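The values are calculated or read from the model by the stated rules, or taken from the named source; none is laboratory data. Keep in mind that this is a model prediction, so the values were computed, not measured. Glycine gets a Cβ as well: all are built from the backbone with ideal geometry, and neighbour counts include every protein chain shown.
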Amino acid sequence: MPIPTYQESMLPVLRTLEDTSERHIGEIVKAVINGFRLTESEREQMLPSGQSTVIGSRIGWARTYLNKANLIEKMPGRGIYKITERGLEVLKTNPEKIDNNLLSKFPGFTEWIRPKKQENIIEPNSVLFESDQTPDESLETAYRTLRTNLSTEIIEKVKSCSPIFFEKLVVELLVKMGYGGSRRDAGQAIGKSGDGGIDGIIKEDRLGLDVIYLQAKRWEGNVSRPEIQKFAGALLGNQARKGVFITTSSSTKEAREYVKTITATIILIDGEDLADLMIDYNVGVSVAVNYEIKRIDSDYFVEE
């Protein structure tokens, strides 16, 4: 079954508190998850940030929304909650579900979800009102969309550059990833070999304890198995064990399967992989804006 949304989690969260007992959020989350009968993989599925599970995040936001509507209240102590009289009244109506439309009947919730307008201020919560995504998920979805668009732009830009510039780009990336010793060392290694199927040799570490042979191709067409076989043969001829084949296009299935069958270790970096690495290591990109996501520091408020 699909992992329940945060709105689908609201009623189960409220029902865990129906007996008016005070419960820790951890106990609430466990009870709701058990009620949904999720599989082990569904329970463990993480948000892209890797900071929390999808279901844990959604139950957490369901709790927040219920609290803003004053259906539940936070008690003294860390993460302790209790149902309110309003929450009990809602359960007495035996609702089929609790969602944002129902919560919008309560003033406290509407003031939070749609705050009073201020000049030049966007109302983000009003956008989320109609969404099944939590604020965390909406942010991560927007981030992934922006990153995907940036990756596409990078690939197109790299393909329009000269082969010489592409070699310099590869040098910059590998040095930032920790290979090649210094940029000067790496620059001298790239494009200097000319040994059938090898474009360059670069240090694996700053001490040069091992080397990696490189092939860098600014191509439009897919890289097929014969191209990789040629590269593997060049490695064998140089008694090399490691190689990296970088291309602006992509590798065929046969090429990817082939590298699994040989003794040498060959890493295939396709255009999409190259763009992702450039983003991660800030090559050819710059930071446009930073958003800091902050959370309460519970330890700060602990009185001795």
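In the set (1) out of contact with any Leu (no Cβ under 9 Å at 6 or more places or on another chain); (2) without any contact (Cβ under 8 Å) to a residue 40 or more places away in the chain, the condition left unmet by residue 112 is number (2). Of the helices (runs of 4 or more DSSP H) lying entirely inside the stretch 27-125, the ones with 3 or more residues being at pLDDT 90 or above and aliphatic (A, V, I, L, M) are found at 54-68, 85-92.
Among the residues of the stretch 199-222, those identified as in contact with a helix residue (DSSP H, G or I) (Cβ under 6 Å, 6 or more places away or on another chain) and without any contact (Cβ under 8 Å) to a residue 60 or more places away in the chain are 200, 201, 202, 213, 215, 216. Residues in the stretch 263-289 that are assigned to a loop (DSSP other than H, G, I, E, B), under 18 Å from residue 233 (Cβ atoms) and hydrophobic (A, V, I, L, M, F, W, C): 264 only.
Return the residues of the stretch 2-26 that are assigned to a helix (DSSP H, G or I) and aliphatic (A, V, I, L, M); say none if nothing qualifies. If you could, list the steps in order and put the result at the bottom.
Taking the stretch 2-26 first, the residues assigned to a helix (DSSP H, G or I) are 10-15, 25-26.
Selection gives 10, 11, 13, 14, 25.
Counting the residues of the stretch 28-66 that are within 14 Å of residue 16 (Cα to Cα), without any contact (Cβ under 8 Å) to a residue 24 or more places away in the chain and buried (at least 16 other Cβ atoms within 10 Å of the Cβ) gives 1.
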